[in-house]
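Heads up, the thing below is written out as structure tokens.
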């Protein structure tokens with residue numbers, strides 16, 4: 001019994017005296033933050049949508065045929081068509097007119113509904129030819145949060 005105890009002590013002593021194995025090398029993986037989203041009228045996050053309603057209350061201004069050239073952490077850019085109701089003589093029976101535009105999204109900020117998700121805070125439309133009456137060639141709007 002004494003021999004067994006001495007043998008056990010020797011084994012434990014040897015294991016304790018051995019240098020500790022170094023931990024396995026850790027790989028550093030850079031996690032890219034997800035790009036901002038575009039929040040639609042129904043509070044759904046969108047990425048590179050083909051269509052987007054600008055006038056949520058009545059749908060009298062919307063973007064269609066969007067072709068995204070870029071979508072990044074600071075901004076996004078697309079070409080498309082802004083279809084706008086002239087509301088003549090009033091909106092319910094007005095006529096929709098198409099206008100070629102360049103769309104730019106920027107000013108990413110935390111989305112109040114999901115603070116860990118960023119959304120674009122501003123949209124800018126640049127009309128390439130004709131534009132709706134009383135519109136400047138370039139118009140910017142804050143986007144809802």
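None of the figures in this text is laboratory data; all of them are computed from the coordinates on show. Remember, it's a predicted structure, so these values are computed and weren't measured experimentally. Glycine gets a Cβ as well: all are built from the backbone with ideal geometry, and neighbour counts include every protein chain shown.
Out of contact with any helix residue (DSSP H, G or I) (no Cβ under 6 Å at 6 or more places or on another chain), loosely packed, with under 14 Cβ neighbours inside 10 Å and within 16 Å of residue 145 (Cα to Cα): is that true of residue 113 in this structure? Give the derivation first.
Working: out of contact with any helix residue (DSSP H, G or I) (no Cβ under 6 Å at 6 or more places or on another chain): yes; loosely packed, with under 14 Cβ neighbours inside 10 Å: yes; within 16 Å of residue 145 (Cα to Cα): yes.
Considered against the rule, which asks whether it is out of contact with any helix residue (DSSP H, G or I) (no Cβ under 6 Å at 6 or more places or on another chain), loosely packed, with under 14 Cβ neighbours inside 10 Å and within 16 Å of residue 145 (Cα to Cα), residue 113 comes out as yes.
Here is a yes/no grid of residues against (1) more than 27 Å from residue 44 (Cα to Cα); (2) without any contact (Cβ under 8 Å) to a residue 24 or more places away in the chain:
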| position | (1), (2) |
| --- | --- |
| 79 | no, no |
| 89 | yes, yes |
| 125 | no, no |
| 132 | yes, no |
| 137 | yes, yes |
In region 89-121, the residues that are within 19 Å of residue 59 (Cα to Cα) and touching a strand residue (DSSP E or B) at 6+ places or on another chain (Cβ under 8 Å): 91, 94, 95, 96, 97, 98, 99, 100, 101, 103
Positions within region 42-54 being free of Cβ contacts under 8 Å to residues at least 40 places away in the same chain and outside any strand (DSSP E or B), in sequence order: 42, 44, 47, 48, 49, 50, 51
